[in-house]
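The values are calculated or read from the model by the stated rules, or taken from the named source; none is laboratory data. It should be emphasised that the depicted structure is a prediction, and the values quoted were computed from it without experimental measurement. For neighbour counting, all protein chains shown are included, and Cβ atoms are generated from backbone atoms with ideal geometry for every residue, glycine included.
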């Protein structure tokens, strides 16, 4: 199905709004004949729904890609699911979320994936594939909250249909056990290994759904984006994907430590589990594998309350043969990373979502920005203390310079220190690592494209500004279908267009869909970003025009942050 008229595409997308909303809530117009595919000797049955009486979308959910990680497979690398052990598989619903806080229906039997595709796709269609990795700080994440119907619909309307896949991976201590024992048992970075196993399953079986395993683009946001960047470091990611899109997360977003650095975290976790508290340190896995899931979840909550640092169970350095062999800054400087083309970008105010509004003193700012180091070492070295002092000079207590940026002296009823800490954290954890990453890759000859999402229409809480994750509804087309503001809808449509274009052709500029600004490649001699903002749109336009800006904002501050990346564990 192809449409040469951009106007027709835009009108059709407007008309799809009501249908897309219903699709997210429940069945729309379900086809009498459900879609079926053959995988591993089993017939997988999904559900098909129609839009506007013509455009159909097939959904297959809860498909296992690995053996349930329970019993002896708890705290162990995932084992690929070669066969389902049944003749038929009901894939009409999403699978259970992985174990985490405050989410209903969680289960350790959660290593499943989901497929959205245009209806009527044959197994030999060889469509490009987009694989989504959810975020959530490695603490949480649920694939079922991401409805790809808007992406699929727009891919069809622009004449470049795609297949979409989302997958679950283990989080918290289930996905990221810490400490020396986990290292000895090969149990580090299990959540990343889950993602790779899901990608392997896609390679083996996505053709049955009409996808092309040689045209896979992985994309994700926050911890999903961090995961993708981590997988660039030593996972042979190029065997699974040919492109990547990273939204608000780089390999240096969270500090990296050796596994032994967090022995105290794992030992505390074990001591919080009744029945395992007296087990000898270094020999805890057998006991921990015998405990019921609810007990482990309760213990995780108790352990989390014991430390000021919120991200206790996250990826770690796992040695020369591991997925993360060294600090990302060192690997980037040495050119030791996969050379896969990518898009990478950040939002204007990344730090506000993570900064306590109660911060009001210099001492609290220092404690906040050094909390990652707190429970694992005392008396930081003099060099680290000097770095912190320099950071405080580069980020003075001046509300007009803080984040949310561009809000002047407004403090939203909080101390100006809140805006100061937000700016510092946002640059240290997101803007700096993104710039370091894209500069290293482009210098190495990797095809890269950078963006900066700054649209004030996305703001929901003024004190947070254009904060972390606000671009997701735009990227999924939700905003294109539901916003009352025509300019905002157009911005969302354009972003979906760019993402699909890159997945289809490894460039955001395939000439399909909306007429819009050509996105320049980020290169050593042309370090520029596309700025996603409606502020540059002409009134009543149907042709979105975006500013192209130099990637040099806060150059002195971010330059210093990147110069001390290894001191920060990045």
Completion exercise
Just one listed residue, out of 568, 529, is in contact (Cβ under 8 Å) with a residue 60 or more places away in the chain, under 21 Å from residue 330 (Cα atoms), within 23 Å of the chain's Cα centre (by Cα) and crowded, with 20+ Cβ neighbours inside 10 Å, and it is 568
Practice task
Output the residues belonging to the range 263-284 that are over 14 Å from residue 302 (Cβ atoms) and outside any loop (DSSP other than H, G, I, E, B).
Solution key: 263, 264
Exercise for the section: Run residue 517 past the list (1) part of a helix (DSSP H, G or I); (2) at pLDDT 95 or above and report the number of the one that doesn't hold. Expected result: (1)
Exercise for the section: Starting from residues that are over 24 Å from residue 434 (Cα atoms) and free of Cβ contacts under 8 Å to residues at least 60 places away in the same chain, keep the ones in the range 451-484 and report whichever is farthest from the chain's Cα centre (by Cα). Expected result: 484
Practice task
Would you check if there is a residue in the range 325-333 being modelled with pLDDT of 95 or more, touching a helix residue (DSSP H, G or I) at 6+ places or on another chain (Cβ under 8 Å), under 23 Å from residue 185 (Cβ atoms) and not in a helix (DSSP H, G or I)?
Solution key: yes
Exercise for the section: Would you please list the contacts, defined by Cβ atoms under 9 Å and residues six or more apart or on different chains, that run from a residue in the range 510-524 that is free of Cβ contacts under 8 Å to residues at least 24 places away in the same chain to a residue that is in a loop (DSSP other than H, G, I, E, B) and buried (at least 18 other Cβ atoms within 10 Å of the Cβ)? Expected result: 518/508
Exercise for the section: Kindly indicate whether residue 487 is farther than 25 Å from residue 560 by Cβ, modelled with pLDDT under 95, part of a helix (DSSP H, G or I) and over 20 Å from the mean Cα position of the chain (by Cα). Expected result: no
Exercise for the section: Any chance you could count how many residues in the range 194-215 are surrounded by fewer than 24 Cβ atoms within 10 Å (Cβ to Cβ), assigned to a helix (DSSP H, G or I) and touching a helix residue (DSSP H, G or I) at 6+ places or on another chain (Cβ under 9 Å)? Expected result: 3
Practice task
Have a look at 235, 260, 227 and point out the one that is under 25 Å from residue 134 (Cα atoms) and assigned to a helix (DSSP H, G or I).
Solution key: 227
Practice task
Taking residue 122 as the residue in question, decide whether it is modelled with pLDDT under 95, in contact with a strand residue (DSSP E or B) (Cβ under 8 Å, 6 or more places away or on another chain) and surrounded by fewer than 19 Cβ atoms within 10 Å (Cβ to Cβ).
Solution key: no
Handout entry: Filter pass, residue 390 being modelled with pLDDT of 85 or more and touching a helix residue (DSSP H, G or I) at 6+ places or on another chain (Cβ under 7 Å)
Key = yes
Exercise for the section: Keeping to the range 257-270, report how many residues are under 17 Å from residue 306 (Cβ atoms) and crowded, with 18+ Cβ neighbours inside 10 Å. Expected result: 9
Exercise for the section: State whether the residues of the range 347-364 include one that is under 19 Å from residue 434 (Cα atoms), in a strand (DSSP E or B), touching a residue at least 24 places away in the same chain (Cβ under 8 Å) and within 28 Å of the chain's Cα centre (by Cα). Expected result: yes
Practice task
Give the range 141-160 a look and list any residue that's buried (at least 23 other Cβ atoms within 10 Å of the Cβ) and in a loop (DSSP other than H, G, I, E, B), or say none.
Solution key: 141, 148, 158
Exercise for the section: Taking the residues in the range 520-541 that are touching a helix residue (DSSP H, G or I) at 6+ places or on another chain (Cβ under 6 Å) and assigned to a loop (DSSP other than H, G, I, E, B) as candidates, determine which candidate is farthest from residue 348 (Cα to Cα). Expected result: 524
Practice task
All but one of (1) surrounded by fewer than 24 Cβ atoms within 10 Å (Cβ to Cβ); (2) in contact with a helix residue (DSSP H, G or I) (Cβ under 6 Å, 6 or more places away or on another chain); (3) touching a residue at least 24 places away in the same chain (Cβ under 8 Å) hold for residue 276, so report the exception by its number.
Solution key: (3)
Exercise for the section: Check the range 177-190 and report whether any residue there is closer than 19 Å to residue 94 by Cβ and either within 20 Å of the chain's Cα centre (by Cα) or surrounded by fewer than 22 Cβ atoms within 10 Å (Cβ to Cβ) (or both). Expected result: no
Practice task
Among what's in the range 354-363 and is touching a helix residue (DSSP H, G or I) at 6+ places or on another chain (Cβ under 9 Å) and surrounded by fewer than 24 Cβ atoms within 10 Å (Cβ to Cβ), pick the residue that is nearest to residue 523 (Cα to Cα).
Solution key: 354
Practice task
Could you please tell me which pairs satisfy a Cβ distance under 6 Å, a separation of 6+ or placement on different chains, a first residue in the range 386-405 that is without any contact (Cβ under 8 Å) to a residue 60 or more places away in the chain and on the phi > 0 side of the Ramachandran plot, and a second residue that is in a helix (DSSP H, G or I) and buried (at least 19 other Cβ atoms within 10 Å of the Cβ)?
Solution key: none
Exercise for the section: Check residue 79 against each of (1) farther than 30 Å from residue 181 by Cα; (2) at pLDDT 95 or above and name the one condition it does not meet. Expected result: (1)
Handout entry: Boolean, residue 315 is within 19 Å of residue 434 (Cα to Cα) and assigned to a loop (DSSP other than H, G, I, E, B)
Key = yes
Practice task
Considering every residue within the range 45-62, establish whether at least one is under 25 Å from residue 296 (Cα atoms) and either in contact (Cβ under 8 Å) with a residue 12 or more places away in the chain or not in a loop (DSSP other than H, G, I, E, B) (or both).
Solution key: yes
Exercise for the section: Could you look through the range 543-565, keep only residues that are assigned to a helix (DSSP H, G or I) and more than 24 Å from the chain's Cα centre (by Cα), and pick out the one that is farthest from residue 395 (Cα to Cα)? Expected result: 563
